[in-house]
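**Q** Input: one structure, supplied below.
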Amino acid sequence: MLISKAIAEQIRAGTVTAQYRRWDVPRVKVGGTQLTPAGVVRFTRVARVNDLDRLTDRAARAAGMKNADALRKALAPRPNRAPSERGSRGGEYIYRINLEWAGEDPRLALREELPDAAACAEIARRTAVLDRRLGDGWTRETLEWIDANPRVVSKRLAELRGVELAPMKTDIRKLKALGLTISHDVGYELSPRGAAYLAWLRR
């Protein structure tokens, strides 16, 4: 379920407590969690909405929308658009998902942890999976590029590396999940954990 940074920040602040999605079947479960740009959110209720005309302005504002008309417009079916498994406009039914902020992004603490030799070996074992899929030495090459080009706009970094932008950003997020990189509004940089791991590789 896609949640924008702006909405995620409002969930964290407690001003947004619900989202609406057009799906064929629910794609989240009560009690489940999801990592967002503002931390972890938890899904507390999932209910099908059978009558959009009964949506109130108050319900719309709880979802981060201006009023009920704006919410109904956002949820209107798009007959010429193929249903999307992730988007809010695909699918036959409307669902209301109640949610709450559940805590900080666990990667924030992880990226500050300096790994010892054993931890570095474990990181190497896990990144070997990426290297097998993306090319031998991909992890080290990417970390070296980020180390040499901190906070360089992603598009420029993709040009420097000679790769497509969207897949590159997806792959770098895998390094972020290991606590090795930090994403900024513009570009990336190595986390303390990532810098220590790169130094271990160089040795």
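The values are calculated or read from the model by the stated rules, or taken from the named source; none is laboratory data. None of these values were measured; they are calculated from a predicted model. So basically every Cβ, Gly included, is an ideal-geometry build from the backbone, and we count neighbours across all protein chains shown. With ligands, DNA and RNA removed, areas are computed over all heavy atoms of the protein, side chains included. Shrake-Rupley method; radii C 1.70, N 1.55, O 1.52, S 1.80 Å.
**Q** Hey, can you rank 162-169, 41-48 by average C-beta count inside 10 Å, highest first?
**A** 41-48, 162-169
**Q** Quantify how much of the Cα-Cα distance distribution of the range 89-155 extends past 17 Å, in percent.
**A** Of all Cα-Cα distances in the range 89-155, 69 percent exceed 17 Å.
**Q** If you roll a 1.4 angstrom probe over the protein chains with everything in place, what fraction of the accessible area of the chain belongs to carbon and sulfur, to the nearest %?
**A** With neighbouring chains kept in place, the figure for the chain is 49 percent.
**Q** If I model the chain as equal point scatterers sitting on the Cα atoms and use the Debye formula, what is log10 I(q)/I(0) at q = 0.19 Å⁻¹?
**A** Per q value, in the given order, log10 I(q)/I(0) is -1.21.
**Q** Follow-up. With n ≥ 4 as the cut-off for DSSP H runs, can you work out [θ] at 222 nm for the chain, using -39500 (n - 2.57) per run divided by the number of residues, rounded to the nearest 500?
**A** Taken over the chain, the calculation gives -13000 deg cm²/dmol.
**Q** Where nothing but the Cβ of Lys and Arg (+1) and of Asp and Glu (-1) is charged, how large is the charge dipole of the range 30-156 around its Cα centre, in debye to the nearest 20?
**A** Once rounded to the nearest 20, the dipole reads 820 debye.
**Q** Please report the relative contact order for the range 92-203, taking Cα pairs under 8 Å with a sequence separation of at least 6, and give it as a percent rounded to a whole number.
**A** Rounded, it is 36 percent for the range 92-203.
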